Amino acid sequence: MAYRYTQLTPLFTGWLTILLAGVIGMALAVLLSFIRPLEYSSTTRILITQELGAVDAYTASRSAERIADDLASVVYTSTFFDKVMASGYSIDPTYFSDDAIKLRTQWKKAVEASVSRSSGLLSIAAFHPDVDQAEQLAQAVAYVLTTQGWTYTSGGNITVQVVDAPLNSRYPVRPNLLINGFSGLALGLLGGAGYLLISAERSRRRHHFMHEE
């Protein structure tokens, strides 16, 4: 037990250094977060149902979930992007690059599609520095899914409908300053503790070497 305490002694005596390293790490993480523009979100939810006739509820639910998964994947495609831009909503076309590769990356960052398990609920989140543009994107994606979503699935008798109108965030949600700051703090604390332990070990070895001579 005494040996363990000796090894950890630098952490107790150098707690101020560890704390300082944590604060510096948190500050750097928050500052680096501002390299990219702050983005608002607009989230809408869509329900997918399929008429399968005389089947049990579990089979119907699994079928709707599979269709929702397919549509969630389709949202990120370039052809779907083209339909969103041609949907008639007031989306600023200059926000997206003319380069096909950059455009694909931008589009994947601008929208997120997720499926609630054991249901046909598909959540769509759009992100943009302008909250109004985020809402326009969410509405356009929902419009394309509800009017043309059936063209992307192999099943029949599919109904796609909006069940939650777009809900806009009051404050920027990306980058997440709270999570980034906490991550920076944790890394700073670990870095500070590691520095003290390594420094103490080097000092111990140097002292041991000098005494051997």
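The requirement of being exposed (fewer than 13 other Cβ atoms within 10 Å of the Cβ), out of contact with any Lys or Arg (no Cβ under 9 Å at 6 or more places or on another chain), modelled with pLDDT under 85 and of a type in the set (Ser, Thr, Tyr) is satisfied by residue 154.
Whether a residue is farther than 25 Å from residue 35 by Cα and either in a helix (DSSP H, G or I) or touching a helix residue (DSSP H, G or I) at 6+ places or on another chain (Cβ under 9 Å) (or both) was assessed, and residue 201 passes this test.
For region 104-131, residues that are free of Cβ contacts under 8 Å to residues at least 40 places away in the same chain and under 13 Å from residue 166 (Cβ atoms) total 1. Here residue 90 meets each of (1) at pLDDT 90 or above; (2) among the small types (Gly, Ala, Ser); (3) not assigned by TED's automatic domain parsing to the domain that holds residue 153 with one exception, condition (3).
Take the residues in region 112-143 that are part of a helix (DSSP H, G or I), in contact with a Ser or Thr (Cβ under 6 Å, 6 or more places away or on another chain) and of a type outside the set (Ser, Thr, Tyr); name whichever of them is surrounded by the fewest Cβ atoms within 10 Å (Cβ to Cβ).
Within region 112-143, the subset part of a helix (DSSP H, G or I) is 131-143.
From what's left, in contact with a Ser or Thr (Cβ under 6 Å, 6 or more places away or on another chain): 134-136, 138, 140, 142-143.
If we keep only those that are of a type outside the set (Ser, Thr, Tyr) as well, we get 134-136, 138, 140, 142.
Details: 134: 25, 135: 23, 136: 21, 138: 26, 140: 23, 142: 25.
Among them, the one singled out is 136.
Applying a threshold of 8 Å to beta carbon distances and a minimum spacing of six or more residues, or different chains, the list of pairs starting in region 190-204 at a residue that is outside the structural domain of residue 9 (by TED's automatic domain parsing) and ending at one that is surrounded by fewer than 18 Cβ atoms within 10 Å (Cβ to Cβ) and among the β-branched types (Val, Ile, Thr) is empty. Scoring residue 167 on the criteria (1) within 27 Å of residue 62 (Cβ to Cβ); (2) assigned to a strand (DSSP E or B) leaves a single failure, condition (1).
State which residue pairs qualify: first residue closer than 14 Å to residue 124 by Cα and at pLDDT below 90 and inside region 56-80, second residue among the aliphatic types (A, V, I, L, M) and surrounded by 16 or more Cβ atoms within 10 Å (Cβ to Cβ) in any location, beta carbons under 6 Å apart, and separation of 6 or more residues or different chains. Here the result reads 68/48; 68/115; 68/122; 69/115, each pair linking region 56-80 to a residue that is among the aliphatic types (A, V, I, L, M) and surrounded by 16 or more Cβ atoms within 10 Å (Cβ to Cβ). Residue 47 satisfies every condition listed in (1) closer than 20 Å to residue 147 by Cβ; (2) at pLDDT 95 or above except (2).
The values are calculated or read from the model by the stated rules, or taken from the named source; none is laboratory data. As the structure is a computational prediction, the values presented were derived from the model and not from experiment. We place every Cβ from the backbone using ideal geometry, glycine too, and count neighbours over all the protein chains shown.
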